[in-house]
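The values are calculated or read from the model by the stated rules, or taken from the named source; none is laboratory data. Note that the structure is predicted; figures quoted are calculated from it, not measured. Reconstructed Cβ throughout: ideal geometry from the backbone, glycine too, with neighbour counts over all protein chains shown. For accessibility, only protein heavy atoms count, side chains too; no ligands or nucleic acids. Shrake-Rupley method; radii C 1.70, N 1.55, O 1.52, S 1.80 Å.
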Number of protein chains: 2
Amino acid sequence: MDIDFKNGLIPVIAQDRRTREVLMLAYANAEALELTRTTGYAHYYSRSRQKIWKKGEESGHIQRVCRILVDCDADALLYEVEQTGAACHTGHTSCFFRTIEGEEIAGLVFDPEKVYANKDE
Amino acid sequence: MDIDFKNGLIPVIAQDRRTREVLMLAYANAEALELTRTTGYAHYYSRSRQKIWKKGEESGHIQRVCRILVDCDADALLYEVEQTGAACHTGHTSCFFRTIEGEEIAGLVFDPEKVYANKDE
């Protein structure tokens, strides 16, 4: 299938396969997608650091990718994952832990200071 | 909350509030987001048509937005919606109806030829 990378990148939604919680949105380039497919673990491309990263490479909070879905226009991907630990570097299960009004809807599940040497992920 | 629009746009995941199925990924600009918040119905910005659209304006397949979540970096949004009809213009409930290997994992729930005068949505 022809994947429509724009400026070399495609947005990727990671969803917990069991709870169906949306965990995060990140980006992949062709190499990150290929690494994800060949290793079975989620890889992304960091726009700020301009490099590929394996999710959990520092924290241990890896994502085993059970299935990759493509949308109708082939310009967005969905990784169905088994999340080890939590997805968000803030200590929340999901990066979507607050409403647009600023209300936190989920608590911390780990202490990020104990997990990350730096919080750049 | 300061929303981080990049080139004026932010990616938006729409998720079915009840089934937790990820329905689609689209983009919003500030005006589309404001329309979503004030009307309670999902609005997006079409990059190809360069204009705001209300989801379902042609098909009737509107999305009532129950809650808007923001991710940790405030550069992605999640609309939790009640979907009327189906999200995808192809006739599938979700735009993510096939795997990256090309296998369709969900059937049609409506006939797009009967719903869309044109299939541009």
Item checked: segment A:10-20, residues that are under 12 Å from the mean Cα position of the chain (by Cα) and closer than 16 Å to A:C66 by Cβ -> A:V12, A:I13, A:A14, A:Q15, A:D16
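Would you say B:F110 is touching a residue at least 60 places away in the same chain (Cβ under 8 Å) and either within 11 Å of chain A (Cβ to nearest Cβ) or more than 25 Å from A:I3 (Cβ to Cβ) (or both)? Lay out the reasoning, then the answer.
On the way: touching a residue at least 60 places away in the same chain (Cβ under 8 Å): no; either within 11 Å of chain A (Cβ to nearest Cβ) or more than 25 Å from A:I3 (Cβ to Cβ) (or both): yes.
Criteria not met by B:F110.
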Next item on the list: Find the residue count for segment B:14-33, including only residues that are part of a loop (DSSP other than H, G, I, E, B) and more than 9 Å from every other protein chain (Cβ to nearest Cβ).
Entry: 3
Note to self: Looking only at segment B:58-74, filter to residues that are under 19 Å from B:T93 (Cβ atoms) and part of a strand (DSSP E or B); which one of those is least open to solvent (accessible area, probe 1.4 Å)?
What the structure shows: B:Q63
Check: What are the residues in segment A:24-44 that are aromatic (F, W, Y) and surrounded by 23 or more Cβ atoms within 10 Å (Cβ to Cβ), if any?
Finding: A:Y44
Margin query: Just to check your reading of the model, which residue among B:T84, B:T93 is closer than 24 Å to A:R67 by Cα, modelled with pLDDT of 95 or more, more than 10 Å from every other protein chain (Cβ to nearest Cβ) and open to solvent by 40 Å² or more (accessible area, probe 1.4 Å)?
Written below: B:T93
Check: Taking segment A:75-121 on its own, how many of its residues are among the basic types (K, R) and in a loop (DSSP other than H, G, I, E, B)?
Finding: 1
Notebook entry, point to check: Is at least one residue of segment B:50-57 among the aromatic types (F, W, Y), more than 9 Å from chain A (Cβ to nearest Cβ), over 21 Å from A:L78 (Cα atoms) and in a strand (DSSP E or B)?
Noted result: yes
Next item on the list: Keeping to segment B:1-23, report how many residues are in contact with a Cys (Cβ under 9 Å, 6 or more places away or on another chain) and open to solvent by 10 Å² or more (accessible area, probe 1.4 Å).
Entry: 1
Margin query: Quick test of your reading of the structure: B:I62 fulfils all but one of (1) of a type in the set (V, I, T); (2) within 11 Å of another protein chain (Cβ to nearest Cβ); (3) within 15 Å of the chain's Cα centre (by Cα). Name the failing condition by number.
Written below: (2)
